[in-house]
Amino acid sequence: MTQQPPDAIPRPGRVGLRSINYILAGLLIVLGLAGQSHAAIGYALFLIATLLLFSGVVLLAIFALTRWFDTATLRQAFTCAFWMGAWAYVFAVASFIGYYTHEAAMGNVPLRYLVFGPAILAAIVILDVGIYRIIVQRNLPTFRRFGDLWNRDSLDQDALARTLVDEVVLHRTLLAVSPFRWLRHQLIFWGFGLMFLVEIVAVAFREAFPAFGWTDIWHQPDHPLRLAFDLAYDLTGLMLLVGCVLALVFRVMVHGKAEQKFTDTPTTVILLVVTVTGFMLEGARLGLEPAGSATAWASFVGLAFIPVSPSGETAIEALWIFHALAVCGFIAYIPLKRMIHSCATPMGRLANSQKGLLADKKAKVIAGLNGRFGRH
């Protein structure tokens with residue numbers, strides 16, 4: 001009889017807790033469908049998930065880059081933060097599904113959100129599954145092969161920190177290869193990444209806080225925080241716009257050459273459409289404001305799009321729906337093409353910086369072989 005490997009042996013406690021969490025998620029959906037829920041519940045869970053996942057990242061960084069605090073405690077802390085954050089995220093999505101489905105059935109959801117809601121839910125599911133398969137599932141054999149060596153003492157923290165700055169933040173290797181490709185990559189990578197972070201924070205002020213009954217600054221155009229968000233969106237959007245244009249220029253430059261493999265025209269075009277339609281919507285909003293508005297400076301890129309933005313209510317609604325579907329399409333498309341390498345490649349560079357792990361693995365294998373053959 002073949003002995004079952006340890007990784008294949010189910011853990012009753014974890015399996016049972018996972019089943020309970022699935023039941024709780026289903027209960028949140030049922031309560032929402034029955035009209036016994038509120039948007040604030042979903043947003044509270046979403047904010048909790050965000051804080052937990054962010055805390056997990058910070059704790060993991062402390063674990064990997066410093067010698068601060070007890071190793072076992074830190075490992076348990078960031079593991080719990082990631083695990084609890086992931087489940088809080090699942091609960092938030094479940095709550096939203098139940099609540100907004102009920103609201104749609106009662107006729108309380110505008111047309112644009114009737115289209116956007118199911119589309120963004122499907123896009124997020126596709127994104128989550130895709131990232132898990134590419135980032136986690138594909139690397140599980142490596143994690144298991146070096147499992148007993150993945151510990152704090154074996155980490156070369158200087159190399160890890162140096163690689164984090166040089167290859168994840170600054171991308172110096174790419175700069176040495178091609179300054180043009182580096183500029184294009186940095187504009188798209190950081191434009192998208194920073195806009196994503198801005199949007200996460202904006203959700204709290206735009207959706208969550210009003211759902212809690214707090215002050216809704218999003219409908220106060222002259223509020224300093226609202227102006228700060230407008231400026232942040234325009235700056236990151238401009239980075240994306242310029243980056244996409246440079247990417248298309250690069251595609252023309254390398255057509256038929258070996259460098260063409262470094263292009264991803266479909267992703268660039270989709271992202272460019274998302275960016276341009278977003279600025280057109282901003283231009284449409286600015287076009288409805290009084291001329292010479294004191295707050296228009298924060299949306300300086302949107303001002304340039306006023307001449308090409310729609311002015312009628314029906315046209316603006318149609319553009320909003322098109323933009324929303326384009327956003328959902330882009331989110332779902334991320335795991336399918338080169339965009340996912342923006343996440344996978346930095347992780348690979350960080351792992352490759354740990355030269356000592358391979359040496360430790362080789363030494364352990366050799367010691368095991370010597371011990372085995374030494375007994376015969």
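The values are calculated or read from the model by the stated rules, or taken from the named source; none is laboratory data. All values derive from a computational prediction rather than experimental measurement. Virtual Cβ from ideal backbone geometry, glycine too; neighbours counted across all protein chains shown.
Values computed for the structure shown
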{"quantity": "Helices (runs of 4 or more DSSP H) completely within region 45-150 that count 1 or more residues being surrounded by 14 or more Cβ atoms within 10 Å (Cβ to Cβ)", "calculated": "71-105, 111-131"}
{"quantity": "Flag for Phe78 being under 24 Å from the mean Cα position of the chain (by Cα) and closer than 26 Å to Gly213 by Cβ", "calculated": "no"}
{"quantity": "Single match in Glu259, Glu289, Glu317 (criterion: among the charged types (D, E, K, R) and either not in a helix (DSSP H, G or I) or not assigned by TED's automatic domain parsing to the domain that holds Pro221 (or both))", "calculated": "Glu289"}
{"quantity": "Qualifying residue in region 161-171 (condition: surrounded by 16 or more Cβ atoms within 10 Å (Cβ to Cβ) and hydroxyl-bearing (Ser, Thr, Tyr))", "calculated": "yes"}
{"quantity": "Exclusive hit being touching a Cys at 6+ places or on another chain (Cβ under 8 Å) and either at pLDDT 95 or above or of a type in the set (Val, Ile, Thr) (or both), set Leu235, Leu272, Leu241", "calculated": "Leu272"}
{"quantity": "Output for region 266-304, where each listed residue is closer than 20 Å to Leu248 by Cα and buried (at least 17 other Cβ atoms within 10 Å of the Cβ)", "calculated": "Thr267, Thr268, Ile270, Leu271, Leu272, Val273, Val274, Thr275, Val276, Thr277, Gly278, Phe279"}
{"quantity": "Cβ pairs under 6 Å, 6+ apart, first in region 262-273 and outside the structural domain of Cys244 (by TED's automatic domain parsing), second of a type in the set (D, E, K, R) and modelled with pLDDT of 95 or more", "calculated": "none"}
{"quantity": "Ala296 being closer than 21 Å to His323 by Cβ and either among the aliphatic types (A, V, I, L, M) or free of Cβ contacts under 8 Å to residues at least 12 places away in the same chain (or both)", "calculated": "yes"}
{"quantity": "Near pairs, Cβ below 7 angstrom, 6+ apart or cross-chain, from region 165-192 (in contact (Cβ under 8 Å) with a residue 40 or more places away in the chain) to any residue that is among the small types (Gly, Ala, Ser)", "calculated": "Arg184/Gly243; Arg184/Ala247; Leu187/Gly243; Ile188/Gly243; Ile188/Ala247; Phe189/Ser342; Gly191/Gly243"}
{"quantity": "Residue, farthest from Leu286 (Cα to Cα), within region 305-321, restricted to residues that are surrounded by 12 or more Cβ atoms within 10 Å (Cβ to Cβ) and without any contact (Cβ under 8 Å) to a residue 40 or more places away in the chain", "calculated": "Ala318"}
{"quantity": "Criterion (in a helix (DSSP H, G or I), of a type in the set (Ser, Thr, Tyr) and more than 21 Å from Ile120 (Cα to Cα)) met by exactly one of Thr277, Thr268, Thr236", "calculated": "Thr236"}
